1. If I model a spin label as a point 7 Å beyond the Cα along the Cα-Cβ vector, how far apart are those points for residue 53 and residue 16 in nm?
2. Could you give the size of the charge dipole of the chain about its Cα centre, using +1 on the Cβ of each K and R and -1 on the Cβ of each D and E, expressed in debye and rounded to the nearest 20?
3. In whole Hz, with x marking every Gly and Pro, tabulate ³J(HN,Hα) for region 20-34 from phi via Karplus 6.51 cos²θ - 1.76 cosθ + 1.60, θ = phi - 60°.
4. Determine ³J(HN,Hα), in whole Hz, for all residues of region 67-73 in sequence, where each value follows from phi through the Karplus function 6.51 cos²θ - 1.76 cosθ + 1.60 and θ = phi - 60°; x replaces Gly and Pro.
5. Give me the number: length gained by fully extending residue 61 to residue 38, i.e. 0.36 nm times residue separation minus the C-alpha to C-alpha distance, one decimal in nm.
6. For the residues 55, 50, what sequence is obtained by ranking on other C-beta atoms within 10 Å, fewest first?
7. Residue 5 versus residue 81, label points 7 Å from Cα toward the beta carbon: distance in nm?
8. Looking at the chain, which longest stretch skips every one of the trypsin sites (Lys or Arg not before Pro) that is in a DSSP loop with at most 15 other Cβ atoms within 10 Å, leaving the sites themselves out?
Amino acid sequence: MKITDTWIGSYAVWDRAEDDPENIAWLRATSAAMQPFAAGHSINEIDTEVDPDKVRRCFTDAAWERLAALREARDPNHLFNNFQHIKV
């Protein structure tokens, strides 16, 4: 994972539920257009429905391994959300 000094995000806000498909499509297209310029991702800013593997790409290898070890030690029964079955 490359670390940079800049963070850019795109958001969409709308009032009517019937506008969901159009606005979600715009947001996903905008995010996809920015991907060639992305150095990483923030775990709280990703759309796991579009790309579940992006969860793994939010962490360095060392952080992912630590997260997996902590999860196994503290939540061996996998009670809490496991972000697509965290594995090292």
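1. Label-label distance for residue 53 and residue 16, simple model: 3.9 nm.
2. Numbers: 10 positive and 15 negative charges, 107 e Å.
In total the dipole reaches around 520 debye.
3. Once θ is set to phi - 60°, the couplings for region 20-34 become 3, x, 5, 6, 5, 4, 4, 4, 5, 5, 5, 4, 4, 5, 7 Hz.
4. Each residue of region 67-73 in turn: 4, 5, 5, 4, 4, 5, 6 Hz.
5. Working: separation 23, 0.36 × 23 = 8.28 nm, distance 1.75 nm.
Gain in length upon complete extension: 6.5 nm.
6. 50, 55
7. Spacing of the two 7 Å Cα→Cβ label points: 3.3 nm.
8. On the way: sites that count: 2, 16, 87.
Of all site-free stretches, the longest is 17-86.
Laboratory data are not the source of any read-out in this text; all were calculated from the coordinates shown. From a predicted model like this one, the values you see are computed outputs, not experimental measurements. A quick note on method: Cβ atoms are made from the backbone with ideal geometry, for glycine too, and the neighbour counts reach across all protein chains shown.
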